[in-house]
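In what follows, a single structure is set out as structure tokens and then discussed.
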Amino acid sequence: MDKVLIVDGNQNFLKSLKSNLDKLHQFQVETAADGAEAIATMAARPISVLVADIENRGLDTLDLLAHMTQKHANTPCIVMTDQGKPWFKRRIAQQSFLYHLEKPFETGRLASAIFTALNLRDEGKNFQGMTMKSLLPLVEIQQKTCRMKVGSKKEQSGYLYFKNGVLFDAHHKDLDGEAAAREIASWNRISIQFTELPQHRRRMRVKTNLMDIAGASWIQHETEAIMDTEVVTTTDFNKVLGQILTDIKHIPGIQAALLMDLKGNTLASEIFDPNTDPPNMAPDLLKLFTEAQQAAQKNQLEPITTMSLHVKNHIILIQTIAASDETDLCVMLMSTPRSNWYYMKLRLDAVAAECQ
């Protein structure tokens, strides 16, 4: 079974996370109180995913991530922070090798991030490694003063110089200042090392804000929110479905995805398996879903928002969501019996939560 290592100095929070994740029975959860204990754990046995709070006593999380790039370069990492989550101009935050998770969060959101990381590994995308753009926002959060040596998969190296989290100089081959910083910021499959800031490095040669170089900000851009008004309109259903499928469409075994109104009319669809015909069965399945909702209400049960059907050749999930104009919609996903349907359910739950 896959092993997930969670690093956090708050023992009560750590205990609660482990207890809730253990109930999923999808992976084995191990814990560490700080970065040094985490490194010792990873030296003793392989870890599939690392989850670490941005604030850790002793060895800080940036130093832990530097260790990961050097010794465990293929292990996806999730960083938890209560100081905001960077929003990238290009939607990399939910699919990146380095995933940012803002506190407070429901356990399901962390589980979803872990499943995303495991899927990266299963698809071989973890070999792309950590990117500079996903890492740079964390330097600003921790207000780190240091020299960062960065190596890339092409065996080139460069240096970034920070004071209190502000990038003020950079060097790479014949490039200096902002030109060097932008070049280094574009690298992936990186290996990093932090050392003390040299005394002679004091010249301000990078004028652009660090987050601009990373292609991110601390404010959620309207066009990047999963169910934002600029993205979700009653006439742009293909874009809605595309946003929903961001973390789902590459799951092995997924066969089809539909966006429907409450009458079962297909508003948008993406068929991955041509041997399936979900639009034809959607009205009957949605009727079954509606009857289940009515039965739950009649018997004073909790409202049903998701239904899963498990048959011989398929697993079908139906989830209600709400568009920005308060129009109620339904998402239907179809997959093979061996696909990670529970991960798909978590992603649909996250989408529904975004719409509330």
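The values are calculated or read from the model by the stated rules, or taken from the named source; none is laboratory data. This one's a predicted model, so the numbers in the text were calculated from it and none came from an experiment. Using ideal geometry, Cβ is built from the backbone for each residue, glycine included, and neighbour counts are taken over all protein chains shown.
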Query raised in the report: Across region 2-52, which residue is nearest to TRP341 (Cα to Cα) among those that are of a type in the set (Lys, Arg) and in contact (Cβ under 8 Å) with a residue 24 or more places away in the chain?
Result: LYS3
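From the list LEU167, LEU175, LEU160, exactly one residue is closer than 24 Å to LYS71 by Cα and free of Cβ contacts under 8 Å to residues at least 60 places away in the same chain. Which is it? Give the steps one after another, and end with the answer.
On the way: LEU167 fails: closer than 24 Å to LYS71 by Cα; LEU175 fails: closer than 24 Å to LYS71 by Cα.
So the residue among LEU167, LEU175, LEU160 that is closer than 24 Å to LYS71 by Cα and free of Cβ contacts under 8 Å to residues at least 60 places away in the same chain is LEU160.
Only one of ARG121, ARG109 is over 22 Å from HIS67 (Cα atoms) and either at pLDDT 85 or above or not aliphatic (A, V, I, L, M) (or both). Can you tell me which?
Working: ARG121 fails: over 22 Å from HIS67 (Cα atoms).
Checking each option against the conditions leaves just ARG109.
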**Report entry** region 293-309 - residue that is at pLDDT 90 or above and under 13 Å from LEU333 (Cβ atoms) and, of those, surrounded by the most Cβ atoms within 10 Å (Cβ to Cβ)
**Finding:** MET307
**Report entry** Out of VAL150, VAL139, sole residue that is among the β-branched types (Val, Ile, Thr) and in a helix (DSSP H, G or I)
**Finding:** VAL139
Report task. Please verify whether region 274-292 includes one or more residues that are at pLDDT 80 or above, buried (at least 21 other Cβ atoms within 10 Å of the Cβ) and within 25 Å of LEU120 (Cα to Cα). Result -> no
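Say whether the condition of being on the phi > 0 side of the Ramachandran plot, outside the structural domain of THR69 (by TED's automatic domain parsing) and either of a type outside the set (Lys, Arg) or in contact with a helix residue (DSSP H, G or I) (Cβ under 9 Å, 6 or more places away or on another chain) (or both) is met by at least one residue in region 193-205.
Step one: list which residues in region 193-205 are on the phi > 0 side of the Ramachandran plot, which gives none.
No, region 193-205 contains no residue that is on the phi > 0 side of the Ramachandran plot, outside the structural domain of THR69 (by TED's automatic domain parsing) and either of a type outside the set (Lys, Arg) or in contact with a helix residue (DSSP H, G or I) (Cβ under 9 Å, 6 or more places away or on another chain) (or both).
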Report summary line: Exactly one of ILE251, ILE321, ILE271, ILE315 is surrounded by 12 or more Cβ atoms within 10 Å (Cβ to Cβ) and modelled with pLDDT of 90 or more, and that one is ILE315
Report task. Would you mind stating whether MET334 is farther than 14 Å from ALA257 by Cα and either in the same structural domain as GLN26 (by TED's automatic domain parsing) or in a strand (DSSP E or B) (or both)? Result -> no
